[in-house]
Amino acid sequence: MEILVKETLTEAILERLVEDIVSGVLPPEHNLRIEQLKEQYGIGASPLREALARLTSLGFVTNETRRGFRVAPLSQADLSDLTRMRQLVETEALREAIAAGNANWEMEIAGSFAKLSLAVTRHYDAPAEARRTIEIAHKSFHTALLGACRSQRLMELQSTFYDQASRYRHVILADAQELDGFVERHETLMRTVLGRDAEAAAAALSEHLAITPQEVYGLDSRMTER
């Protein structure tokens with residue numbers, strides 16, 4: 001029972017730390033001191049250390065001998081590499097999804113796009129609420145595209161890489177009320193995927209994923225497609 005409670009606490013604090021790292025509450029290279037985190041999150045040192053160790057393996061946190069745990073930095077090189085990995089993983093998962101997908105898969109995609117469109121176009125009272133709502137709908141859409149993929153490992157990698165990329169997209173969503181072409185780009189991607197030409201859809205997804213480095217750092221999409 002004690003082990004189960006510890007695991008539950010670890011999972012809970014891990015989710016909160018990921019959310020705060022992705023949203024920028026815990027900024028890049030922020031020093032993650034155990035004592036400070038215990039007070040900030042109201043949780044014991046043991047599940048905190050376990051969560052930080054897991055976040056280190058997932059790429060959200062670094063752990064250096066003299067500097068301790070820190071939020072992983074952001075850089076052009078990291079985003080370029082991350083985008084390349086996303087392209088490799090997600091295009092393979094998409095090919096599998098297209099091969100195995102049925103009518104329910106297609107409806108899930110259409111439904112998630114409708115929710116994304118509504119999330120982007122509705123009025124918000126606060127930018128933080130807009131960013132949070134849009135990001136949830138955005139992840140649901142990209143997950144739905146690959147929803148018929150039967151490889152659990154591919155889907156786990158997709159989720160991890162997506163969350164890592166969210167730290168960079170947070171820069172783009174800083175003014176979430178002005179996302180020119182955002183809905184249209186996702187509709188184009190959706191229609192290409194639903195056309196069920198696997199290679200055309202994979203190429204469209206690869207190009208779509210290259211948008212983040214283009215908008216954050218002005219990186220050429222060709223840098224991430226090789």
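The values are calculated or read from the model by the stated rules, or taken from the named source; none is laboratory data. Source: prediction; values computed, not measured. Glycine also receives a Cβ, built like all others from the backbone with ideal geometry; neighbour counts cover every protein chain displayed.
Taking residue 189 as meeting all but one of (1) closer than 27 Å to residue 76 by Cα; (2) under 16 Å from the mean Cα position of the chain (by Cα); (3) modelled with pLDDT of 95 or more, write down the number of the exception.
Status for residue 189: all satisfied but (2).
Among the residues of the range 1-32, which ones are modelled with pLDDT under 90 and over 19 Å from the mean Cα position of the chain (by Cα)?
Selection gives 1, 2, 3, 4, 5, 6, 7, 8, 9, 10.
Determine which member of the set 205, 154, 179 is in contact (Cβ under 8 Å) with a residue 40 or more places away in the chain, outside any helix (DSSP H, G or I) and out of contact with any Phe, Trp or Tyr (no Cβ under 7 Å at 6 or more places or on another chain).
179
List every residue pair whose Cβ atoms lie under 7 Å apart, where the two residues are 6 or more positions apart in sequence or sit on different chains, the first residue falls within the range 101-125 and is in contact (Cβ under 8 Å) with a residue 60 or more places away in the chain, and the second residue, located anywhere, is of a type in the set (D, E, K, R).
Matching pairs, first to second residue: 113/187.
Mind listing just one residue for me: the one in the range 33-68 that is of a type in the set (Lys, Arg) and either assigned to a helix (DSSP H, G or I) or not assigned by TED's automatic domain parsing to the domain that holds residue 16 (or both) and, of those, farthest from the chain's Cα centre (by Cα)?
38
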